[in-house]
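To start, the structure itself, in structure tokens.
The values are calculated or read from the model by the stated rules, or taken from the named source; none is laboratory data. As the structure is a computational prediction, the values presented were derived from the model and not from experiment. Ideal geometry is used to build each Cβ from the backbone, glycine not excepted, and the neighbour counts take in all protein chains shown. These area figures cover heavy atoms from the full protein model, side chains too; ligands, DNA and RNA do not enter into them. Shrake-Rupley method; radii C 1.70, N 1.55, O 1.52, S 1.80 Å.
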Amino acid sequence: MTLGVGGMSPEQALAKLQVMTAGARPIAVEEYQARIAQLQGQMQAREIAAVFVDAGSSLFYFTGLKWSPSERLVGALVPARGEVRYIAPAFEKGTVRDLQVLPGSISVWAEHESPFALLAGMLVEIEVREGARVGLSHSLPFGMYERLRQATGTLQLVDAGALIEQCRRCKSPAELALMQRAKDMTLEVHKAAASILREGITTLEVTRFIEAAHRQVGAPGSTFCIVLFGEDSAFPHGVRQPRPLRDGDMVLIDTGCQLYGYNSDITRSYVFGTPSARQRELWNLEKAAQQAAFDAAKLGSPCEQVDAAARRCLEAGGLGPDYALPGLPHRTGHGIGLDIHEGPYLVRGDSTPLDVGMCFSNEPMICVPGEFGIRLEDHFYMTAEGPRWFTRPSLSVDDPFGLDP
């Protein structure tokens, strides 16, 4: 039996977990102020008079206001110079005020009124001239964009997505610390989940255990959870009717949590029982591809170089080429932060130079249709000395969690 897999009851495994959030702190107001200043500096350089950031992760990033997008317009208007202003439904003003981290006035609209006309008026109040450029966050729905366009007349509405991504892509020490803790928490949950596996257990049972385990270590719960056994594991994001666990199955578990908004996202693949020669060979190739990607992450090199290194490794092992199966059907990795998937990406065509503070998943998955899939996913961040793992990668197919002293 693979070391660390099976042998415990869910109750025993949960009892071993402890809250891991002691000492973790949310982002301070001073950092939000610095983020706004950085955004404003870039706006001035690009002659953008104002940027509207709608509800979602970018609003949270710049202001600390956590608000889910809906059909009602909520967001922050950031002028090129001056204080941030918020817009919200009138009946939500008290809640927005209560949730505010970065101070600012709140303009409100009643249910029968147009928030787009209100936002247009706010732009007039901050003296945005006719014909000026106003940036919109890329998450704003097209229908809202169109109604705002009709309300703003001669203003040029432009996509501020690239500008916002540039601000978000390099993480601060405070962000890295929160991500490190979240990933440490999820790795312990992975170990606990492996320990409860038994023949016949269902993916739903494991998913429910992982939800409880994330709560046990101090997270609000799982942000997502994928559990797959045997041939189902060849489907990166699952199947309609996943089957129960059998002896000799490849197990794939991909899950994560949040800590003060920052995400973990870790995948482990191992065998329930004794690995076959085929499973061992491809597991070792997957680990080699993950290491090749890590080794290719050099400061100043394009993101796509990391993806290319993983594919060269897999192709040398007889898989692919490119996205062909058996092989790697998707990109090698994605950026991560307040969103589980965010730019830049480790994929062909992304020429963004690797820079200090960038964070990525490293998951060059091997999919063998009709047999199994293997995804080893850990994350790394760029330092002045090169890439550094957030979590220790799986040690071996026989000891995936490095438990053998």
Inset, instruction - Calculate, for GLU113 and ALA277, the FRET efficiency according to 1/(1 + (r/R0)^6) with r their C-beta to C-beta distance and R0 56 Å; round to the nearest 0.05. - result: 0.20
Legend entry - Accessible area (Å², 1.4 Å probe, nearest 10) - THR21: 40
Legend entry - Of every Cα-Cα pair in the stretch 125-224, the percent that sits beyond 24 Å: 55
Inset, instruction - Compute the Cα gyration tensor for the stretch 60-128, then decide on rounded, prolate or oblate, letting a ≥ b ≥ c be the square roots of its eigenvalues: rounded whenever a/c is under 1.5, prolate when a/b is larger than b/c in the other cases, and oblate in all that remain. - result: oblate
Inset, instruction - First obtain the Kirkwood hydrodynamic radius of the stretch 1-64 from its Cα pairs, then insert it into the Stokes-Einstein equation at 10 °C and 1.306 mPa s, and state the resulting D in µm² per second as a whole number. - result: 98
Legend entry - Carbon and sulfur %, accessible surface of the chain computed with the full protein complex present, 1.4 Å: 51
Legend entry - Computed E for MET1/ARG246 - FRET, C-beta separation, R0 22 angstrom, nearest 0.05: 0.95
Inset, instruction - Quote to one decimal, in nm, the extra length available between ALA90 and ALA37 on full extension: 0.36 nm per residue of separation minus the C-alpha distance between them. - result: 16.3 nm
Inset, instruction - Take the alpha-carbon positions of the stretch 1-118, form their convex hull, and give its projected area averaged over all directions (one quarter of the hull surface) in nm². - result: 12.7
Inset, instruction - Note down the nm distance, to one decimal, between modelled labels 7 Å out along Cα→Cβ at VAL124 and at ASN284. - result: 7.3
Legend entry - Table column - 3J(HN,Hα) (Hz), the stretch 30-37, Karplus curve with 6.51, -1.76, 1.60, x for Gly and Pro: 4, 6, 4, 4, 5, 5, 4, 4
Inset, instruction - Rounded to the nearest Å, what's the spacing between the alpha carbon centres of the stretch 26-88 and the stretch 208-255? Just the number, please. - result: 36
Inset, instruction - For every helix of n ≥ 4 consecutive DSSP H residues, a contribution of -39,500 (n - 2.57) applies; sum these over the chain, divide by its total residues, and give [θ] at 222 nm rounded to the nearest 500 deg cm²/dmol. - result: -10500 deg cm²/dmol
